[in-house]
Amino acid sequence: MTYTLYSSLHDRVVFISGGSSGIGAELVRAFAAQGAKVAFCGTRPEGGQALIDEVVAAGHAAPWYAACDVRDVEAYQALLGRVEAELG
């Protein structure tokens, strides 16, 4: 499938919760294809790693991933702090 490239997304940091499957995974793929710095979390580490491998195999930069359940507010806030510190 061919997508329009949006230069305004290149090198922008994008965070997606629930990114290891379903709609979230599609968003990870789409933003990675735009050249964004993608970070995502999910509760399925095996799905997260498989998606990272898929994105890299497609020729895009490896997304940043961490397992996290967003219902744990403290863990989620700490995760967002890590993403900001590492991807800026």
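Quick rundown of the values:
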quantity	calculated
Pair list, Cβ < 6 Å and 6+ apart or interchain, from the range 41-60 residues that are touching a residue at least 12 places away in the same chain (Cβ under 8 Å) to residues that are part of a helix (DSSP H, G or I) and of a type outside the set (A, V, I, L, M, F, W, C)	GLY42/GLY48
Count - residues of the range 28-39 that are of a type outside the set (Lys, Arg), surrounded by 18 or more Cβ atoms within 10 Å (Cβ to Cβ) and more than 13 Å from GLU54 (Cα to Cα)	5
Residue within the range 45-59 that is in a strand (DSSP E or B) and either under 11 Å from the mean Cα position of the chain (by Cα) or loosely packed, with under 15 Cβ neighbours inside 10 Å (or both) present	no
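Listed here are the residues, each with its yes/no results for (1) more than 12 Å from the chain's Cα centre (by Cα); (2) exposed (fewer than 15 other Cβ atoms within 10 Å of the Cβ); (3) at positive phi.
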{"site": "GLY18", "(1), (2), (3)": "no, no, yes"}
{"site": "ALA25", "(1), (2), (3)": "no, no, no"}
{"site": "CYS41", "(1), (2), (3)": "no, no, no"}
{"site": "VAL73", "(1), (2), (3)": "yes, yes, no"}
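Quick note: the coordinates plus some simple rules give every number you see, no bench work behind them. Small disclaimer: the values here were computed from a predicted structure and weren't measured. Every residue, glycine among them, receives a Cβ derived from its backbone with ideal geometry; neighbour counts consider all protein chains shown.
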